[in-house]
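The structure appears below as structure tokens.
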Amino acid sequence: MSDKKQVYHGSDIELIEKAYGVPKEKIINFSDNVNPLGVSDTVKQKLASNLDLISTYPDRNYTALRKKIGAYVHGDPENIMVGNGATELISILIQNLQPAKAIVVGPTYSEYEREIRLQGGQVQYYGLSEELDFQVDSDHLITHISSAIGLLVICNPNNPTSSSFSQKDLVKILDHCKETNTFVLIDETYMEFAQNQEELTAIPLLGTYDNFMVLRGVSKFFSAPGLRLGYGLCSNTTLLESINQQKNPWTLNTLGSFAGEIMFEDEAYIQKTYSLIQEERTRIYEELLTWPEVHAYPPTANFILLKIKKKHINTTNVFEKLIRKGFLIRDASSFNFLDQRFIRFCFKMPKENDQLLLALKEILTR
Ligand SMILES: Cc1ncc(COP(=O)(O)O)c(C=O)c1O
């Protein structure tokens, strides 16, 4: 990763403001992959009238919250742990497993590699094939997994490709990994945005396999990255206990825990998000398919990866021209396997999406 140039992430708004002189209030963030509806009014109101909670420690076992999460994902609360965003759980799981060698399916989110390396492990990437639109060939993937591999990391749906693994692929992979004694980390941060999530999620497999952990959080779907509420599901209770003992107590604060208890039951918000994202995803993908200047990879999450096909235009040109117009997209060239032809952006409100598409088209056809 070190040979790649520095790019801006969705949370680098202040750096971008400084570098490009665009006031941060004027920037529409298409790079953070966060639900454009913002935090639901129900959650805001309840949080506002319960601020006194700050004066109490959270329940050390987060019992009420784990129960609500269990009902939301149709999982057993005994198999659930909560933490400070999916990020803390990625980190604590890898600290606990200490894999000497790991395979990460990429291109993907960079935190997995960073954490594995921090723990002294070696990282090998299994590259998803561009020709397959970054869909996995699970028969091919498993040929790379031997008993020397302590950990396999999968992001489903995957960031930044927005491609996904089906439950059938996961069964094949988990069966194989059971034989090789390889633990599987499945990051489902973007799962709830997928139209066919019940065909993709690994959660129903918890009853059959104990060699994997699913990670999720409220940062993206519930538009609450500032709360830092993440959760993990795993049916290996010995591993969960060991992680819980290693973990600092109360890493999720009282307000985050309280908000979580409301969010997972906020059916109106959940349904509104499903329809907004499904409509925008279909509309934007269909529109982009008609553009000769790009290749659009089929999106399953709330963002899309594009490859620019025009020879004289690269991601830096596109990024800089868009940010000057107030649109922040992700220059995806810093991801392994990708280069200066790839950009990613998430779906916002219809009007904002139209504005972005208009600006992008103008840049690409000039
Ligand atoms: C794939 C993936 N996993 C995890 C995270 C971080 O999630 P959290 O805010 O829950 O720590 C991100 C953030 O961009 C992500 O893209």
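Annotation: peptides 218-227, 111-120, ranked by per-residue average of other Cβ atoms within 10 Å with the highest first, follow the order 218-227, 111-120.
Mind sorting S166, S334 by how few other Cβ atoms lie within 10 Å of their own Cβ, fewest first?
Ranked by crowding around the Cβ, least crowded first: S166, S334.
Determine the percent antiparallel among the DSSP beta bridges restricted to the stretch 56-265, to the nearest 5. Roughly 35 percent of the beta bridges in the stretch 56-265 run antiparallel, per DSSP. Just to be sure I understand: of the beta bridges DSSP finds with both ends in the chain, what percent are antiparallel, rounded to 5? For the chain, the DSSP antiparallel bridge percentage is about 50.
In sequence order, the stretch 294-308 has phi-based couplings of 9, 10, 9, 7, x, x, 9, 9, 9, 8, 9, 9, 10, 10, 7 Hz under the Karplus curve 6.51 cos²θ - 1.76 cosθ + 1.60, θ = phi - 60°, and Gly or Pro positions carry x. Applying 0.36 nm per residue to the separation of A19 and N61 and subtracting their alpha-carbon distance, the gain on full extension is 10.7 nm. Near L305, the amide H atoms lying under 5 Å from its own belong to Y297; only residues 5 or more places off or on other chains count, and H is placed 1.01 Å from N.
Per-residue ellipticity at 222 nm for the chain, helices alone: DSSP H runs ≥ 4 residues times -39500 (n - 2.57), over residue total, nearest 500 deg cm²/dmol?
Value at 222 nm, helices only, nearest 500: -11500 deg cm²/dmol.
Test of understanding: in a Gaussian network model of the chain with alpha carbons linked when under 10 Å, which of E265, E14, E352 would top the mean-square fluctuation ranking? Answer for the Gaussian network model of the chain: E14. Listed by Cβ neighbour count within 10 Å, with the fewest neighbours leading, K351, K68 appear as K351, K68. Which of I27, I94, I54 ends up with the largest GNM mean-square fluctuation for the chain, with Cα atoms connected below 10 Å? Result for the chain, Cα springs under 10 Å: I54 fluctuates most.
Computed from backbone phi, the HN-Hα couplings of the stretch 56-62 come to 10, 6, x, 4, 4, 9, 6 Hz, rounded to whole numbers (Karplus: 6.51 cos²θ - 1.76 cosθ + 1.60, θ = phi - 60°; Gly and Pro given as x). Just want to confirm a number: the relative contact order over the chain, from Cα pairs under 8 angstrom separated by 6+ residues, in percent. Reported relative contact order: 24 percent.
Bear in mind these aren't lab numbers, they're just calculated from the coordinates by the rules spelled out. Keep in mind the model is a prediction, meaning the values are calculated, not measured. Glycine also receives a Cβ, built like all others from the backbone with ideal geometry; neighbour counts cover every protein chain displayed.
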